[in-house]
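Engineer: Shown below is the structure under consideration.
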Amino acid sequence: MKYVPERTGNQGSSLVSDLASRVLKGDHRALAKAISIVESGGIGRRRLIHELYPRTGKAFTVGITGPTGTGKSTLVDKTIQEFRRRGRKVGVLAIDPSSPYTGGALLGDRIRMMDHSLEREVYIRSMASRGDVGGLARAAINTIRVLDAAGMDIVIVETVGAGQTEVQVATAVDATVVVVMPQLGDEVQAFKAGFNEIGDIFVVNKADITNPSKTMFNVASGLQEKSGWRPPVLKTVAIKGTGVPSLVDSIEKFQKFLDDHGIREERRNKRLESELIEAAFSDFYTETVTRLKQEKSWQHLLGQVAKKELDPETAASKLVKAIARLDVSENA
Ligand SMILES: Nc1nc2c(ncn2[C@@H]2O[C@H](COP(=O)(O)OP(=O)(O)OP(=O)(O)O)[C@@H](O)[C@H]2O)c(=O)[nH]1
Ligand SMILES: [Mg+2]
C-alpha cells in the first residue's frame, strides 16, 4: 500500500486561494471556515497558512489568562468595547477549559460576547481545549495568524489555568495579561509559581467584592522587571467596566515599549523557533509512526522483544537506526 502522509480532503489549492483572499478582506464566513481548517490540521492548514502568512504581522496579540472564574471573559468583553471605542478592529479566540467543573463556560462565553459578534469589526471564536497540548497550541497560533491576516488590529486570546497548554498558548502572544481576584490568600504562592513569569500586566478584578489592596500588594511583591518593563498591577470591576480604559492604556503602552525597544520582533523570532521545532517534530513523529507500522521489520522487531530474544533498550537503538533509513520526507 502506498504511503499517504496526509488526507487531502476537499481543500484543493484553488479553493484555498479563494478562501484566503476572502479572509484577507475580513469576510466573517471565510474566517469561520478558515479557522476550522486550521483546527483540523493537515494539508489544508498548510496550504492556507502558506497563502496567509506573508500578510500577517500587523496585529498586536494579547493573552488574557489566570485562574478559573476570576472574570476573564467579562473583562475581555469590556476590553473589546474599549478597543472599539479607540477605532481598533478586534479578533478574539477563547480557549475553553476542558475541566468538567467549568464545562459550561463555552455557552456562557458565547452569550456574554455575543453583542460584539454582530459587529463587522469584531470576530469571536471559541476553541475546545481537548486533544494534545502541542496540537492545541499549533491550532491557536495559526488561528491568531488567520485573524491577523483578516486585518484585526488586536487579537485577544483567553485561556484559563496555569497548565502546560495555557502557558504555551499564553506565551504565543505579544503581551500577557494575568487576571486574578482579591482574597487569593494562600493561593498566592501557587499562583505566583504559575503566572509570575508570563505576566506583562497584572489585573486584580472584582475589586467591588472586597478591598483589593492586599492582593495587589501580594501580586506586586516579587515581580521582576523584564528588559526594562515593570509589570503594572491594576484593579478592575469588569462587570461595570471600571478600570478597563486604564488596562487598555497599559496594553497600548506595553505595545509601544516593545516596538520602541525592538523586543516585539525579538520575542516573535524566539516563538517562531520553538513553534518550528515543535511542529516539525510532531509531523515527523506522526509520519514516522505511520510509515514504521507498514514495515515488516517493525513487526519482526516487536516479536523479538516479546519473545525476549531482544531487550527493549537494544531494540530502541536499532529502531533509531531504522528510522534514519526511512525516507519520511519524500512527500514533503
Ligand atoms: N462582583 C463581580 N463579579 C464579576 C466581576 N467580573 C466578573 N464577575 C462575575 O464572575 C463570574 C465569572 O466571570 P467570567 O468572566 O466568566 O470569569 P472567567 O475568568 O472567564 O471564567 P472561566 O473562563 O470559567 O475561567 C461571572 O458570574 C461574572 O459575572 C466583577 O468585577 N465583580
Ligand atoms: Mg472565561
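The values are calculated or read from the model by the stated rules, or taken from the named source; none is laboratory data. Remember, it's a predicted structure, so these values are computed and weren't measured experimentally. Reconstructed Cβ throughout: ideal geometry from the backbone, glycine too, with neighbour counts over all protein chains shown. Note: accessible area is taken over every heavy atom of the protein model, side chains too, but ligands, DNA and RNA are not part of it. Shrake-Rupley method; radii C 1.70, N 1.55, O 1.52, S 1.80 Å.
Engineer: Of the heavy-atom accessible surface of the range 251-332 (probe 1.4 angstrom), what whole percent is carbon and sulfur?
Structural biologist: 57
Engineer: Follow-up. Which of the pairs 33/240; 214/270; 25/240; 206/256 have their Cα atoms more than 30 Å apart in this structure?
Structural biologist: Too far apart for the 30 Å limit: 33/240; 214/270; 25/240.
Engineer: Right, something else. In whole Hz, what ³J(HN,Hα) sequence does the range 307-316 give by Karplus (6.51, -1.76, 1.60; θ = phi - 60°), x for Gly and Pro?
Structural biologist: Here the 3J(HN,Hα) series is 7, 6, 7, 9, 8, x, 5, 5, 4, 4 Hz.
Engineer: Under 17 Å from a point placed 7 Å out from the Cα of residue 53 along the Cα-to-Cβ direction: which residues of the range 138-156 have their backbone N that close?
Structural biologist: Those under the cut-off are 138-150.
Engineer: From the convex hull of the Cα coordinates of the range 11-55, what is the mean projected area in square nanometres?
Structural biologist: One quarter of the hull surface, i.e. the mean projection, equals 2.6 nm².
Engineer: Give me the extension gain from residue 290 to residue 183: residue separation times 0.36 nm, minus the current Cα-Cα distance, reported in nm with one decimal.
Structural biologist: The residue 290-residue 183 span can extend by a further 33.4 nm.
Engineer: Quick check for you: with a 1.4 Å probe and neighbouring chains kept, what is the accessible area per residue of the range 275-325, in Å²?
Structural biologist: 77
Engineer: On to the next question. If I model a spin label at residue 307 and residue 321 as a point 7 Å from the Cα along the Cα→Cβ vector, what separation in nanometres do I get?
Structural biologist: 2.0
Engineer: Follow-up. Residue 176's amide H: which non-local residues (gap 5+, or another chain) put their own amide H closer than 5 Å, with H modeled 1.01 Å from N in plane and none for Pro or chain starts?
Structural biologist: Those lying under 5 Å, H to H, from residue 176 are 63, 200, 201.
Engineer: Return the sequence-ordered ³J(HN,Hα) values of the range 58-69 in whole Hz as given by the Karplus equation 6.51 cos²θ - 1.76 cosθ + 1.60 applied to θ = phi - 60°, using x for Gly and Pro.
Structural biologist: Computed from phi, the couplings for the range 58-69 are 8, 5, 8, 9, 10, x, 10, 9, x, x, 5, x Hz.
Engineer: Same structure again: Out of residues 5 or more away from residue 94 or on other chains, whose amide H comes under 5 Å of its own, with H placed 1.01 Å from N in the peptide plane?
Structural biologist: Answer set, sorted by chain and number: 125, 126, 127, 158.
Engineer: Mind listing the long-range amide H neighbours of residue 89? Cut-off is under 5 Å, sequence gap 5 or more, other chains count too, H placed in the peptide plane at 1.01 Å from N.
Structural biologist: 153, 154
Engineer: Tabulate in residue order the Karplus-calculated ³J(HN,Hα) for the range 249-256, using 6.51 cos²θ - 1.76 cosθ + 1.60 with θ = phi - 60°, rounded to whole Hz; enter x for Gly and Pro.
Structural biologist: Values, residue by residue: 4, 5, 4, 5, 5, 5, 4, 5 Hz.
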